[in-house]
Amino acid sequence: MSVHIIYYQDGAKMMRPVLTREDYLALRGGDEQQQLLTAIRSGNEQLKNRLPQMNYSCLPNADGTLKGSTRLSTTVGMDIDHLEPADMPAIRERILSKKDELGLLMLEESARGQGYHLVFRRRPERSQEDNLRWASQLLGVEYDKGAKDITRVFFTTGTEQLIYLDDAIFELEEVLGTDDTAFLKKDTAVINEKEQCLSKREPCNPCQDKDYNGTPFSEIIAKYWEMFNGGKEPTAGDRNVLTFELAVTIRSICGYQLEQLMLVIPNYWAAPDGTCTEADMGEYRQTIENALKEPRKGMPYRLKQVLQALKSQAGVKACGGTMSTPPPLPKKLPPLIRLLTRNVPSYYKPAVASAVFPALGAHLHGVKFRYWDNVEHEATFMNLLVGRQSIGKGSIKKPIDYIMEDIRLRDQPNREREAEWKRKNPAGKQKKDPRPADICIQMLIDNLTDAVFNQRIVDAHNNGQRYIFTIVDEVEALKKVTSKCSVDEVGLLIRKAFDNSLAGQERVGADSVSGIAPLRWNFNASTTPPNARKFFYKMVNDGTVSRLDVATIIRNDDDDDEPPIQGIYDEQFAAELKPYLERLEAASGLIECPQAKKLALDIRLENKDAARLFESEAYRVLSYRANVIAWLKGMLLYVAHGYRWDKTIADFVRWSEQYNMWCKMLYFGAQLEKELREEVEIQRRSGPQNLLRLLPDEFTHEQYMLMRQQQGREGDGKSALRQWQTRGHLVYDEVSHRYCKTEQFKQKFANL
């Protein structure tokens, strides 16, 4: 057979043949497959690894493994990538027109929709690379040079992306061309050399392909040293005790097997070149054997911490980017964002692109936007910029100053009028003149009393439903916005502001400020990662952090060597900015945009899939309001650009949501995952019993629905059944039409 699907067994990458067209199409079909492709093509490329993988160029080893395969099939898989959209149809027709000459057996669109995968008959007299080169010349298109190895797999798309399939692809046998013999001998020598590395230092050992529940052991061990040894590997002075502790920690997920542990745990006795004396090898083995003799007490707490930390990282990766690099800013930005970010170095642009929205939102007044759930929102933006000390968080100030200049000028005479009124009406005066009702001051300093803060809220509401605005260098300064000077009060204000809830105070004294109005408060605040976690420690799981628009500044080592050079802000910059601000000031009433609504719905579904695929409850919880915030940015840009929606705005909205999520997961994700997990544990032990545990080991759908009703559950329960099946708790028997609990589930809950 020439079609093989990849699967994993005990951490090893295996292959099994796909025998018929029906089986092949079934592997490509399904709603989940199409949802994944939709998300990938919308920019969430991290989900690509969740697609089925196929190999078309080799046959498995005798034991079914893929690694080091040397047996060629009679077909070649070819990857054509990075095509321009306009070129796609022509290349597709060219391939189909030459299918007979090529020996075409399969053609599909690639996952990202920017190229094709094709399978053609192998010319046995040619090597693998020569076959690809021949096909490339025939079709007049370049192939992916990184995909020339016979063991290279292809991420399989759906049935809708399958363009051509010949049943002959399921009938072909292996072939070995003479020109490939030299290559295979070389490959075999490399494989043998790697197998001999079992007695050498482990960066070259087979454990790099081993995993636990999809997480490579190499990542587990690296995270273990990061958390419990300052990121340092054992050395001559401490390798015995540290290797012993590591073996005790991970033995439970290695089946308590010596051979598995020796495949997984690096040999820290080996020399830098990988060689190891017989005595050192014996000491390495004895250390692991001693660890296996320790009494077994279940999964160690340290291992749970490591796995949870890696799970939190998965939540970060679900947002795009990597653990150290956020999702990249789109290359083509909406004109307003391009203008506001053009004067800062590239590594500051994402932070500036996020930080300008509180000031921009302050120019909208009396404007509402309707979300896809029909809830009306206003342009509330509260931006938190998190970055290490002296990294350049002040880069956001200049653009904000220029955005707020017209409001500052408008505030100035109002401040003077208020000061004059106070002078004429001191506190002791019996008969006071009425305070001018048209005073409205939007820009606030960071040292206020409750009376002043509430007066500003009421004035802003009474004079056009405007926003008040604050910018502080350190998030701690937000405590001075009110008289209480407390973190809890700041959290309450953030929650009220996002929902535009009523705020203010009622007083009976003649000199007291009284008044209640919707809280419209936008702000910018900066801080460092430790201070951010400390300040919001009690607000990660109460909805406060989810209401923030979080940004960061990431500079690599090369950037640190270059001092940041800002562009020039001048009258020309102000003149270019003015039309956008005027459009925002002129807007009023309820504004809707069908394209923005559809995009928010698409992102909602993508977030749902990502949360499930990456098994991150924190991602799911944070994604709801992150989507709202990104949609609001899109609506503001829609207005600022003259009620025009285009791809640059859509791409920016999608990036903004992913970037906000990435920053939140990076700085607050681990804590939120922990708190959400603890909530579930408390509910499991003291709340309603777990529904699946109440059901028998085998049950019908009718029994399941009856148990749901007895437990007071609503709905059809289909999502719960799917979730249990996805998590490996349950399988469905097509013959008996019963659901059956898995051994994995029964063992997990046997002692609870």
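The values are calculated or read from the model by the stated rules, or taken from the named source; none is laboratory data. Predicted, not measured: the structure shown is a model, and the values here were computed from it. Note that each Cβ is placed from the backbone with ideal geometry, even for glycine, and that neighbours are counted across all protein chains shown. Heavy atoms of the whole protein, side chains included, go into the accessibility calculation; ligands, DNA and RNA do not. Shrake-Rupley method; radii C 1.70, N 1.55, O 1.52, S 1.80 Å.
Observations
- Additional length obtainable on full extension of the chain from residue 370 to residue 290, 0.36 nm per residue less Cα span: 22.3 nm
- Whether the range 516-675 is rounded, prolate or oblate, judged on the alpha carbon gyration tensor where a/c under 1.5 counts as rounded: oblate
- Maximal additional length on extending the residue 71-residue 488 stretch stands at 143.5 nm, based on 0.36 nm per residue less the C-alpha distance.
- Taking a ≥ b ≥ c as the square roots of the eigenvalues of the Cα gyration tensor, the range 97-173 is classed as rounded, since a/c falls below 1.5.
- Using the Karplus relation 6.51 cos²θ - 1.76 cosθ + 1.60 with θ = phi - 60°, the per-residue 3J(HN,Hα) values for the range 587-604 come to 5, 7, x, 7, 10, 10, 9, x, 5, 5, 4, 5, 4, 4, 5, 4, 5, 4 Hz, with x marking Gly and Pro.
- In range of the label at residue 575: residues from the range 308-340 whose backbone nitrogen is under 20 Å from the point 7 Å along Cα→Cβ: 335-340
- Within the same chain, aspartates and glutamates fewer than 8 places from residue 534 are excluded, and of the rest, those with a Cα less than 18 Å from its Cα are 473, 474, 476, 488, 489, 542, 549, 673, 675.
- Between 0 and 90°, nearest 10: helix 670-686 axis offset from the chain longest Cα axis: 80
- The residues of the chain have, on average, 48 Å² of accessible surface per residue, using a 1.4 Å probe with all protein chains present.
- Separation of the residue 50 and residue 644 label points, Cα + 7 Å toward Cβ, nm: 3.6
- Lys/Arg +1, Asp/Glu -1 at C-beta; the chain dipole; positive extreme among 88, 623, 291: 623
- The simple Förster model, with R0 at 35 Å and r as the Cβ-Cβ distance, assigns residue 25 and residue 61 a FRET efficiency of 0.80.
- Structure note, pairs 98/145; 349/598; 304/664: Cα-Cα distances above 24 angstrom occur for 349/598.
- On Cα atoms only, tilt of 217-228 relative to the major axis of the chain in degrees: 40
- Read-out semi-axes √(5λ) of the Cα gyration tensor in Å, derived from the coordinates shown; its label in (i) 55, 33, 28; (ii) 66, 29, 25; (iii) 46, 32, 25: (i)
- Computed [θ] at 222 nm, helices only, for the chain once each DSSP H run of length n ≥ 4 contributes -39500 (n - 2.57): -13500 deg cm²/dmol
- Angle in degrees between helix 88-97 and the longest Cα principal axis of the chain, rounded to the nearest 10: 20
- Taking the accessible area of the chain, probe 1.4 Å, and keeping the other protein chains in place, the carbon and sulfur fraction comes to 50%.
- For the range 616-682: rounded, prolate or oblate by the Cα gyration tensor [a/c cutoff 1.5]: prolate
- Extended-chain gain in nm, criterion 0.36 nm per residue less alpha-carbon gap, residue 308 and residue 534: 79.3 nm
- Spin-label model distance (nm) - residue 709 vs residue 252, 7 Å beyond Cα toward Cβ: 4.1
- Dipole magnitude for the chain: about 2540 debye, using +1 per Lys or Arg Cβ and -1 per Asp or Glu Cβ, origin at the Cα centre.
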